[in-house]
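A.B. asks: Have a look at this one before I ask anything.
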Amino acid sequence: MGTTTKMAIPYPEATGLVKDGWEDMKDIATQVDAKSGLVLLNTTSFSAQSSVSVSNFTTASYSKYRIVISATGSVGGANLRFRFRENTTDKATGYYGAAGYARYQTTFALYTNENNGTFCILTGLDTSQQATVSLDFNKPVATQGIITGNAFEGSLYAGIFMGFINVSMTDVTGFTIYPSTGTMTGKVSVFGYNE
């Protein structure tokens with residue numbers, strides 16, 4: 001059997017025997033299954049929404065996830081907020097952490113911080129410049145949710161870095177994003193880390 005250039009995944013060649021086809025397919029499946037990397041679990045597009053929830057995506061197959069968000073807001077200067085979910089209920093207490101930012105013409109500064117807060121602020125939303133957020137979502141145990149990541153805020157032309165935790169949940173299984181005011185339009189994707 002031959003192998004692909006980038007990932008060395010085996011494939012049957014034209015000279016292979018038909019009777020060996022099942023063995024070739026087994027080799028391909030085994031090789032692909034063994035690959036580490038990101039596995040797309042969910043993509044949700046939204047338009048003029050006041051909130052978007054992704055519920056019950058956590059499974060025993062993954063303990064770490066990647067969340068990628070792109071959005072614009074209907075109201076300039078609105079904040080994009082984040083809450084963990086327990087089944088289909090947002091967790092509205094117990095957030096700790098902070099975010100810092102750097103603008104192109106200034107130094108680093110505190111963007112936001114939470115001390116037993118009711119949500120996390122990921123970035124600002126602009127009506128024309130798209131905000132982009134990339135988060136690692138970790139669930140070390142059922143009662144803990146941790147997000148770390150970075151974002152770009154279009155209205156400030158700022159890079160944001162962040163880390164937040166909630167340790168008071170029964171079982172974190174999802175999240176909700178929402179603007180502080182108005183609505184938002186964009187896309188959110190969730191990936192599992194295949195380790």
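A.B. asks: Considering only region 96-110, state which residues are part of a strand (DSSP E or B) and either closer than 29 Å to SER168 by Cα or of a type outside the set (A, V, I, L, M, F, W, C) (or both).
C.D. replies: TYR96, GLY97, ALA98, ALA99, GLY100, TYR101, ARG103, ALA109, LEU110
A.B. asks: Still on this model: Which residues, counting only those in region 146-157, are at pLDDT 95 or above and either crowded, with 20+ Cβ neighbours inside 10 Å or not assigned by TED's automatic domain parsing to the domain that holds LEU110 (or both)? Walk me through how you get there before you give the answer.
C.D. replies: Here is the first cut: in region 146-157, the residues at pLDDT 95 or above are 146-151.
Of everything in region 146-157, those that are at pLDDT 95 or above and either crowded, with 20+ Cβ neighbours inside 10 Å or not assigned by TED's automatic domain parsing to the domain that holds LEU110 (or both) turn out to be ILE147, GLY149, ALA151.
A.B. asks: Mind checking which residues of region 158-193 are surrounded by fewer than 17 Cβ atoms within 10 Å (Cβ to Cβ), among the β-branched types (Val, Ile, Thr) and farther than 14 Å from GLY76 by Cα?
C.D. replies: VAL167, THR170
A.B. asks: Next up: Considering region 111-120 alone, what residues qualify as being out of contact with any Lys or Arg (no Cβ under 6 Å at 6 or more places or on another chain) and either buried (at least 17 other Cβ atoms within 10 Å of the Cβ) or not assigned by TED's automatic domain parsing to the domain that holds TYR101 (or both)?
C.D. replies: Of all residues in region 111-120, those out of contact with any Lys or Arg (no Cβ under 6 Å at 6 or more places or on another chain) come to 111-118, 120.
Hits for region 111-120 are TYR111, THR112, GLU114, GLY117, CYS120.
A.B. asks: When the residues of region 55-94 are filtered to those that are out of contact with any Leu (no Cβ under 9 Å at 6 or more places or on another chain) and in a strand (DSSP E or B), which remaining residue is farthest from GLY182 (Cα to Cα)?
C.D. replies: Across region 55-94, the extreme among qualifying residues is LYS64.
A.B. asks: Restricting attention to region 155-191, which residues are touching a residue at least 60 places away in the same chain (Cβ under 8 Å) and not in a strand (DSSP E or B)?
C.D. replies: Listed by number, the residues that qualify are SER155, VAL167, SER168, MET169, THR170, ASP171, VAL172, THR173, SER180, THR181, GLY182, THR183.
A.B. asks: Ok, one more. State the number of residues belonging to region 54-80 that are more than 17 Å from LYS139 (Cα to Cα), in contact with a Pro (Cβ under 8 Å, 6 or more places away or on another chain) and surrounded by fewer than 18 Cβ atoms within 10 Å (Cβ to Cβ).
C.D. replies: Number of matching residues: 2.
The values are calculated or read from the model by the stated rules, or taken from the named source; none is laboratory data. Keep in mind that this is a model prediction, so the values were computed, not measured. Backbone-built Cβ (ideal geometry, glycine too); neighbour counts: all protein chains shown.
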